[in-house]
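For reference, the structure discussed in these notes is given below.
Bear in mind that the values in this text are calculations on the coordinates, not laboratory data. Just so it is clear, the model here is predicted, and its values are computed rather than measured. Cβ atoms come from the backbone with ideal geometry, glycine included; neighbour counts cover every protein chain shown.
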Amino acid sequence: MSGGLRIEERDSHVLAVLDRPEKRNAIDQELVDALHRLCARLEVERRTLVLAGSGGTFAAGADIAQLRERRATDALAGINTRCFQRIRALPMPVIAVLDGYALGGGAELAYAADIRIGTPTLTIGNPETGLGIIAAAGATWRLKEIVGDALASEMLLTGRLLSADEALAAGLVSAVLEPEAALARAVELADRIAALDPAATQATKRSLLAPASAHPEIDLAEQAVLFESPEKLRRMTAFLERRSAKRTQETR
Ligand code: COA
């Protein structure tokens, strides 16, 4: 446990749990620092990250007590923005398990994940304008990418929060499961990812994150590297040999 973040090492992934339940896991500077330390490690170790929150909440936003004291220079430093961008850019996939409230900065942390799984109590959205600020840590571009301009605009301009079912219908979460099952699904996905070629997974993530103008050149460049990889040869040969062994067995 460090800075409000509980980290568990698992076979296929690292589980990081936001753990300030008495403050509904509000994201303060200490938590941001702990997330940066985790990113620094995962940028080198290149493992899948599963993010969750404790006490039936994902995160009720940036810490409003700290936000209230921040001034223009703090805004320009992008304290949460830079942290969530770093999470978004992690080399391996990030899976968020969203239980209960995912509000404001908590929602934006969720938007930074590649895959989101909700629970029935999920309430997600951005009430920032009600606090006199904008959602500047990803919502205005990332939420739009995920749910489209119409719903993102309605959510950000009116502060509308989505229920679990609404988030599922909007594609903001890929499933809604009871908390234990939601975490189990995240682990299942991390296990599935661990069985794939990590170089191909990382190349896919880089291509997914690239701007529209980078396609298809970036995909071709990534593929060119993979086409030369011994792992591609090994995996494809294994597939073809399995097929050929199966055919031999069938003709016997
Ligand atoms: N920042 C700082 N503290 C927060 C917080 C936040 N974003 N969200 C909750 N807390 C604190 C509360 O101040 C309270 O602390 P206290 O016991 O010292 O007074 C504690 O967490 C529990 O919150 P409480 O409001 O009593 O819990 P609840 O279960 O009744 O309600 C919420 C949960 C999430 C609906 C409510 O806390 C809330 O509206 N939070 C702010 C959401 C928000 O506007 N986020 C956007 C920030 S950019």
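Tabulated results
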read-out: Subset of the stretch 1-28 (residues that are assigned to a strand (DSSP E or B) and more than 13 Å from the ligand (Cβ to nearest atom)); value: Ser2, Leu5, Arg6, Ile7, Glu8, Glu9, His13, Val14, Leu15, Ala16, Val17
read-out: Failed condition for Arg116, given (1) touching a Phe, Trp or Tyr at 6+ places or on another chain (Cβ under 9 Å); (2) under 25 Å from Leu177 (Cβ atoms); (3) not in a helix (DSSP H, G or I); value: (1)
read-out: Yes/no for Arg206 being in a helix (DSSP H, G or I) and closer than 30 Å to Val97 by Cα; value: yes
read-out: Residue that is farthest from the ligand (Cβ to nearest atom) [pool: residues in the stretch 58-79 that are touching a residue at least 24 places away in the same chain (Cβ under 8 Å) and assigned to a loop (DSSP other than H, G, I, E, B)]; value: Gly78
read-out: Lone qualifier among Glu241, Glu178, Glu217, Glu250 - being loosely packed, with under 10 Cβ neighbours inside 10 Å, over 21 Å from Arg46 (Cα atoms), of a type outside the set (Ser, Thr, Tyr) and out of contact with any Phe, Trp or Tyr (no Cβ under 9 Å at 6 or more places or on another chain); value: Glu250
read-out: Unmet requirement for Leu172, which otherwise passes all of (1) in contact with a Phe, Trp or Tyr (Cβ under 9 Å, 6 or more places away or on another chain); (2) part of a helix (DSSP H, G or I); value: (2)
read-out: Tally of residues being in contact with an Asp or Glu (Cβ under 8 Å, 6 or more places away or on another chain) and either within 16 Å of the ligand (Cβ to nearest atom) or of a type outside the set (A, V, I, L, M, F, W, C) (or both) across the stretch 32-54; value: 2
read-out: First in the stretch 225-241 and in contact (Cβ under 8 Å) with a residue 12 or more places away in the chain and under 16 Å from Ala203 (Cβ atoms), second anywhere and part of a helix (DSSP H, G or I) and of a type in the set (Asp, Glu), Cβ under 8 Å, 6 or more apart; value: none
read-out: Selection status of Arg116, buried (at least 24 other Cβ atoms within 10 Å of the Cβ) and among the basic types (Lys, Arg); value: yes
read-out: Residue count, the stretch 80-107 (criterion: away from the ligand (no atom under 12 Å from the Cβ), surrounded by 15 or more Cβ atoms within 10 Å (Cβ to Cβ) and part of a helix (DSSP H, G or I)); value: 7
read-out: Residue within the stretch 159-167 that is closer than 26 Å to Met92 by Cβ and either touching a Lys or Arg at 6+ places or on another chain (Cβ under 7 Å) or surrounded by fewer than 19 Cβ atoms within 10 Å (Cβ to Cβ) (or both) present; value: no
read-out: Qualifying residue in the stretch 45-52 (condition: closer than 18 Å to Ala135 by Cα and crowded, with 21+ Cβ neighbours inside 10 Å); value: no
read-out: Failed item, numbered, when Leu151 is tested on (1) under 22 Å from Leu189 (Cα atoms); (2) over 19 Å from the mean Cα position of the chain (by Cα); (3) surrounded by 19 or more Cβ atoms within 10 Å (Cβ to Cβ); value: (1)
